[in-house]
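To start, the structure under review is shown below, and the notes come after it.
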């Protein structure tokens, strides 16, 4: 299987005036394959978003390496950017631009061929059922509509790798369901998708493999069945708590020693 | 970068509240402020003592030489007797001649100059008093009846013609009001593009596209300059039309030959092109300052807090130039925005001071280099550019400073 994302010994530290040096990501390594949905699961402040931001070339790691679609994020950031579609935890839309304008502009910014641009925009509008509100300012749209527009904008240039930071957070079940369908469709198109989430059910439902992260450390990686085997638990929530607690105990014991 | 500028500009121009504020702020705020300041200066001109004012006088008839002491007793002036009577803008001129055995005064002054007006207000009672004395002497000497004489009012002649004041007021008022409009719009646009886009995470999303970080900041900067210039142009046109209307109706009411006020004294190619050039330079500098200030904030609220002190300072700088006592000096030339506004004032008033303009150019370039060299790199850093920190604004600044010190 072709590895589309390779992360090796990734470290990221922040300086905080009160706490001093804080390790946000601690020696993280994993990889994701073509046509795979990789879920990054972790409590608040675990380092999920920081990891995704480093993958999206927004932040530079202190050490370690990230390779996306064959390009190193530090050596070839522009090539990495051309190969990814990044969706942040908020919808990040320009409030007074319509979905049609936003999708078109993002295609232009991604150097999408000018002669195919109009067709691609219409194709996405149709696929995501945006037509009804395609020309309404995004500030007037519901959260669900904004999120769907945001996904359309993320994939407009047809990138092989998608980085989605909590794509369904704050959405109702029906919209979340739609988004899951879109993500699965994209996987079937052969895209590699990495996404972070708090939602255990969502991760269990759509992810091929799951990585559990806490305090910047990757606690475990595997398919849902593999994680069930290791933890001896069935439900994702129990599996997650098992790994996080086990890690906390290890840290506690290390401190005691 | 063109697409980015298009996106930013479209988003800003569609913001109706911001547009309304940008136009309303100068239209309401500035005339009141300008009027208040000039009134204050005209009344409270205590600082006049610090300024030398020369009063040139010529007394043609030796019979009136006793008037000399009265003229010399006017406070705050340097009285100078002259034989060649050639009035100019740099002093107060009085020629005393004899007409039907009585003194006849010719007074020339610059009525827009608060110091000359103050000196003249002290001088006028002395001249009238002397005239009264001479009438009384004549009545006694020639046994005339007092009713034969009318006390006439001395009417000083404004050295630049009667349109001068209105020309000066308008030629300053119109560009300055546009400056306020530019400042207001640039402040609002900077907060929206720098802090607002951090808050909405649109900057974050943009930076995952195959674009250069510098290009993104430059696109924001150029958008802010364009937005400021557009606001300045709209208010410039609006103010010119409004002012023409107001002053025409005022002039009509004043009547007495003022109705033929020559608008080309103000609305001419030279003044408009100079004003627009100065407004562009001001927009450029103010955008640099505001984008940098707002760039340190990751929320609109914080952005407004950071930009407000700069707005207040920069707004008042151009207003300072209406103070008549202010002469061009190195400190003004060193102060960004104020120096350009001041140079504009001098050029419009045909009082070109080459040294000051050169100093202004040198210091302005220096400021631009300093801002680019020392503040711009801060903006490129991820915590600043992307607003990645949930800590408070003060903490963020402290954090930036401590890192900077470390480096």
For chain A, set up a Gaussian network in which alpha carbons nearer than 10 Å are linked by springs, and say which option among A:59, A:119, A:200 fluctuates the most.
A:119
By how many degrees, 0 to 90 and rounded to 10, does the Cα axis of helix A:143-155 deviate from the longest principal axis of chain A?
90
Using only Cα atoms, tell me the angle between helix A:236-256 and the longest principal axis of chain A; keep it within 0 to 90° and round to the nearest 10.
40
With springs connecting C-alpha atoms under 10 Å apart, model chain A as a Gaussian network and identify which of A:60, A:217, A:140 has the largest mean-square fluctuation.
A:140
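222 nm [θ] for chain A, helices only, -39500 (n - 2.57) per DSSP H run of 4+, per residue, to 500? Please list the in-between numbers first.
Working: 9 runs with 105 residues, N = 257.
Calculated at 222 nm, the ellipticity per residue is -12500 deg cm²/dmol.
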Using only the alpha carbons of region A:197-257, determine the length spanned along each of the three principal axes and report them from longest to shortest in whole angstroms.
40, 22, 15
Choice from A:194, A:210, A:230 showing the highest fluctuation, given a GNM over chain A with Cα pairs closer than 10 Å
A:230
Roughly how tilted is helix A:99-109, in degrees to the nearest 10 and between 0 and 90, from the longest Cα axis of chain A?
70
Sort region A:1-107 into rounded, prolate or oblate with this rule: let a ≥ b ≥ c be the square roots of the eigenvalues of the Cα gyration tensor; rounded if a/c is under 1.5, and if a/c is not under 1.5, prolate when a/b is larger than b/c, oblate otherwise.
oblate
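Laboratory data are not the source of any read-out in this text; all were calculated from the coordinates shown. Owing to the predicted nature of the structure, the values given are computational and were not obtained by experimental measurement.
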